[in-house]
Each structure stands twice: as C-alpha cells, then as structure tokens.
1. Give the residue that is least open to solvent (accessible area, probe 1.4 Å), with candidates limited to residues of region 121-146 that are within 20 Å of residue 15 (Cα to Cα) and assigned to a loop (DSSP other than H, G, I, E, B).
2. Taking region 174-199 as the region of interest, how many residues are polar (S, T, N, Q) and over 26 Å from residue 295 (Cα atoms)?
3. Report, ordered by the first and then the second residue, all pairs with beta carbons closer than 9 Å, sequence separation of six or more or different chains, a first member in region 289-308 that is in contact (Cβ under 8 Å) with a residue 24 or more places away in the chain and part of a helix (DSSP H, G or I), and a second member that is surrounded by fewer than 16 Cβ atoms within 10 Å (Cβ to Cβ) and of a type in the set (Ser, Thr, Tyr).
4. Kindly evaluate residue 191 against the criterion of being acidic (Asp, Glu) and in a helix (DSSP H, G or I).
5. What number of residues within region 156-177 satisfy the criterion of being open to solvent by 30 Å² or more (accessible area, probe 1.4 Å) and either under 11 Å from the mean Cα position of the chain (by Cα) or closer than 17 Å to residue 87 by Cα (or both)?
6. Given the conditions (1) within 17 Å of residue 150 (Cβ to Cβ); (2) free of Cβ contacts under 8 Å to residues at least 24 places away in the same chain; (3) hydrophobic (A, V, I, L, M, F, W, C), and given that residue 134 satisfies all but one, which numbered condition is not satisfied?
Amino acid sequence: MKKKVLLMGASGSGKTSMRSMIFSNNPASLTSRLGATIDVEQNHVRFLGDLILNLWDCGGQDAFMDSYLSTQRSIIFSHVGVMIYVFDVESREMEKDLEYYRDCLEGLTQFSKDANVFLLVHKIDLVRDTERNVVVERKVAELEKASGETPVKVFGTSIYDESLYKAWSNIVNTLIPNARNLSKHLRIFAEACSATEVILFERTTFLVIATSSRADSSDAFPSGPVTLHALDPKRYERTSELIKAFKQSCSRLREEFRSLEMELAEFTAVLDEMTKNTYVLVVVHDPVIETAAIKMNICMARKKFEELQGDSLILEK
C-alpha cells in the first residue's frame, strides 16, 4: 500500500533537513551539509512494514514552483494523501510564499480534493523564547486565513527540539489505517496492566502511532490512578526525540538497541518491542507493579497487536 506525500515550500525553508532527521535518522548537527533539492526528489519510505510513504520532496526555487503549477500540475497534485507545506518563520517574501501556497491548494483541490493539508511554521528556534508563542499564533492565524475553506493543521517546528516529532506524528497518523482501533486496544491493554499510559511508536522513526489517552483528553488517561499525576502535554514528542537520540548513541558504539527499563521513585517505565514494526512504552505509577510483570504483559499482547496492525493495512489495500 502506497501513500503519496507532497513536501513543498520555498527554497531554504528546511524541508530536506526535517525529512533527513525523521526518515534517515540524521542528527540536527549534520543537516547543514545538505544541499538544495533540485526539481522533485522522490523517496519510498517503508513505514509500519507494509505501508509505503511515497515522499515527494519538491524543490522550492521559483522556476520549479512555476513548473509544478503549469506543465507538471497533474503529475504533482494527483493521488496525493497529504500535502505538507513549509514556511520559514523569518521569511522576507511571505506574500510570494502565500501566493505559491494558494496556487498549490488550487492544484490539490483539482486533482486530490480529499488530501490532508499540514502547514509547518519552521525554524521557530530563531525566534526569541519570550516572543515565540505570539509569533507562532500570528502565523497560524495568517495561514488559516490564506487557506480559505480548506481545513488545515498548523504546527510551529524546529529541528532542534521535540516540536518536529509532534508535527510529523500527527501527519503520519492520518496515513495509518485504523489508528483509532489501535488506540482503543491500547486503552484496554493499559487497564489490564494498571498502566498510567501506554504509547505505541513506529520502530524506525519513533514517531507516535497511537496512545492509550483519549483523543478528547489533553493530558491523561481518563480515569483511575492517572488522574493523580500531572502529565506533560509534550511528553510524546519529547520521548520520541530522546529515544531516537539514545538509539543513535547506541549505533555509534556499535551496540544494538532492544529495550529500556527505568525504575524511578515516582514511576516505572518499560520500552520494549510490541510488534516487528513497533515499540511500546508502558508507564506505571503503582510501586507494587514490577518491571517483570510489565514485560510479561507486553509479551502476552504481541500476537494481538500483530493481528491488529496486519488487519488495518489489509483493509486499505
């Protein structure tokens, strides 16, 4: 099963850098070595085993953009599942950027009207901490207005913090068949092992696939012991960022990353393989529950989650 993903935006906005971090596991420190994308660079990224992301990284120079919108229009905008449009937060040509963006929306409406649209206000690390929220909110309002009646989701992102993982986790979640069913079974699993929260990650990118928290809950599992503990709203993307950095450290030492166990004063956490394409993080605040019991529950749940993942992909073929 293939899903076409368009990655668009002005030249130098940071498209290729974020792609290399998410899908090629390159650290932020190495992205400065990447050159500008010439025309369209296609990559087939395997995600969750049988899901292939057909990623089209489109060069943002004016000549290329004009070509996408004229002679290549039907090729670029047909069969698109998601369009990601990247805006440099400090762009000095915002009017031109918006004009190209609106033209791309028209192409998308013409050839892929059901595609999801995500807008990334990128390089927010260049904005002072004290001004960042205000600047991002202003950009969100500006981009939503420019989008007209097209529903969009806007994220402020940077390659130097967890914000990039939050945005891309939301993006890939729209491409995962039956993601809600995975979340439903994660809640059942969390209740069965008295976990505060359970998070399912894709194995290679460590992007969040599903969680045991309900979609309408901003910070926690709805009942039980979790209500006694304040959970950081940025916990998912921070966990993705930290674990991926740890995996890179293991690789540099020529060691293979398999699992992680933490027993702290306030909670216990176990990160382990759930299926051949996913990892699961189980967080427990009950001090009576030992890591061995958590790992046993994960082992017992593996077969069910392999079936769920396989069934969801088959439904979309």
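The values are calculated or read from the model by the stated rules, or taken from the named source; none is laboratory data. Note that the coordinates shown come from a computational prediction; the quantities given were computed from them, not determined experimentally. Because the Cβ atoms are built from the backbone with ideal geometry, glycine has one as well, and the counts that use them run over all protein chains shown. Please note that ligands, DNA and RNA were not included when accessible areas were found on the heavy atoms of the full protein model with its side chains. Shrake-Rupley method; radii C 1.70, N 1.55, O 1.52, S 1.80 Å.
1. Among those residues, the one meeting the criterion is 127.
2. The first filter runs over region 174-199 and keeps only residues polar (S, T, N, Q), leaving 174, 178, 181, 183, 194, 196.
Adding the requirement that they be over 26 Å from residue 295 (Cα atoms) leaves 174.
Total meeting the criteria: 1.
3. Pairs that qualify, where the first residue is in contact (Cβ under 8 Å) with a residue 24 or more places away in the chain and part of a helix (DSSP H, G or I) and the partner is surrounded by fewer than 16 Cβ atoms within 10 Å (Cβ to Cβ) and of a type in the set (Ser, Thr, Tyr), are 295/259.
4. Values: acidic (Asp, Glu): yes; in a helix (DSSP H, G or I): yes.
Yes: the conditions hold for residue 191.
5. 5
6. That leaves (1) as the condition not met.
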